[in-house]
Amino acid sequence: MTDRLMSAFAFAVFLGFLGILFWFVPQWDLGLVLALTLALAFWDLFLHDRRPR
């Protein structure tokens, strides 16, 4: 439970940082890179299976 809360908080902080970056540098190609970065971070934090092998 705590892991999910910390992951959600970290993702929100990361989203805020990238949002500020895009706000001050509004380029479409930077927006594409940021969207890809957010998608990969979301997948890694919330959808990736972390069961030990």
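The values are calculated or read from the model by the stated rules, or taken from the named source; none is laboratory data. Keep in mind that what you see is a predicted model, and the values were worked out from it rather than measured. We place every Cβ from the backbone using ideal geometry, glycine too, and count neighbours over all the protein chains shown. Accessible surface is based on the protein model in full, side chains and every heavy atom, while ligands, DNA and RNA are left aside. Shrake-Rupley method; radii C 1.70, N 1.55, O 1.52, S 1.80 Å.
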### Query
In debye to the nearest 20, how big a dipole does the chain give about its Cα centre with +1 on each Lys and Arg Cβ and -1 on each Asp and Glu Cβ?
240
### Query
For the chain, with every protein chain kept in place, what is the accessible area per residue (1.4 Å probe, Å²)?
90
### Query
Each label point is 7 Å from the Cα along the Cα-to-Cβ direction; what then is the distance between the points at residue 13 and residue 36, in nm?
2.6
### Summary
Of the candidates 33, 12, 22, the farthest towards the positive dipole end of the chain (Lys/Arg Cβ +1, Asp/Glu Cβ -1, centred on the Cα centre) is 12
#### Entry: Angle in degrees between helix 28-42 and the longest Cα principal axis of the chain, rounded to the nearest 10
10
### Task
Principal axes first, then extents: for the Cα atoms of the chain, list largest minus smallest coordinate on each axis, whole Å, largest first.
41, 20, 10
### Query
Tell me, what % of the accessible area of the chain is carbon and sulfur with a 1.4 angstrom probe?
74
### Query
Angle, helix 2-24 long axis vs. longest principal axis of the chain, Cα atoms, 0 to 90°, nearest 10?
10
